[in-house]
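Below you'll find the structure, written out as structure tokens, and then a few comments.
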């Protein structure tokens, strides 16, 4: 059970419970990670910013925890910012320069790196987390090769690829790969399976 705003991504066991700081009288839709959260069965609970501000995250998580326990669930609480052992487990060793320009801000080199990795390997990295981490890792390995000699490296792709959709405008000039196919009018039609029209 986590508290987050739209576009965050956290999961809890087989059943998911998500609490939003959002408008409470509307379906939050399927924007960004909400599509994935709801697809896998997350239970989304909405609360207004005013209610959140009045009671705070600790009270809010305790209220929801008690509600879920009464429903026979076994929630695990991850505080705002993932500031407990489970929430920070993936950050055993943080590399400050990997943040680049800052959260969700990218250089053209980082975005081009994301494109190159996808084209070369089929692995899609997101520009906010995994893309920056992989870019920073490979850049450091290139610039400080002695430091990395003889070391085994495991890079864990943490997901988040839906963040790529927020960068469509910035990625457009990097991807290309389309053109109008010219077919001479003299080429005869051949019918076969899969005939569309």
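Odds and ends about this structure:
- Potential lengthening of the chain between residue 85 and residue 36 amounts to 15.2 nm, from the contour at 0.36 nm per residue minus the alpha-carbon distance.
- The fewest-to-most ranking of 171, 181, 141 by surrounding Cβ atoms within 10 Å reads 181, 141, 171.
- Judged by the mean number of other Cβ atoms found within 10 Å, the most tightly packed of the peptides 132-140, 45-53 leads the ranking 132-140, 45-53.
- Rg/Rh for the range 90-175 stands at 0.96; both radii use Cα atoms, and Rh follows the Kirkwood definition.
- Contact order for the range 90-175, expressed relative to its length and based on alpha carbon pairs under 8 Å spaced 6+ residues apart, stands at 31 percent.
- Contour minus Cα-Cα distance for residue 44 and residue 168 (0.36 nm per residue): 41.9 nm
- Cβ crowding within 10 Å ranks 158, 61 as 158, 61, fewest other Cβ atoms first.
- Under the simplified labelling scheme, the residue 99-residue 146 pair shows an inter-label distance of 2.9 nm, with each label point 7 Å from Cα along Cα→Cβ.
Laboratory data are not the source of any read-out in this text; all were calculated from the coordinates shown. Just so we're clear, the structure is a prediction, and the values are computed from it rather than from any experiment. Methodologically, a virtual Cβ is constructed for each residue, glycine included, from the backbone with ideal geometry; neighbour enumeration extends over all protein chains shown.
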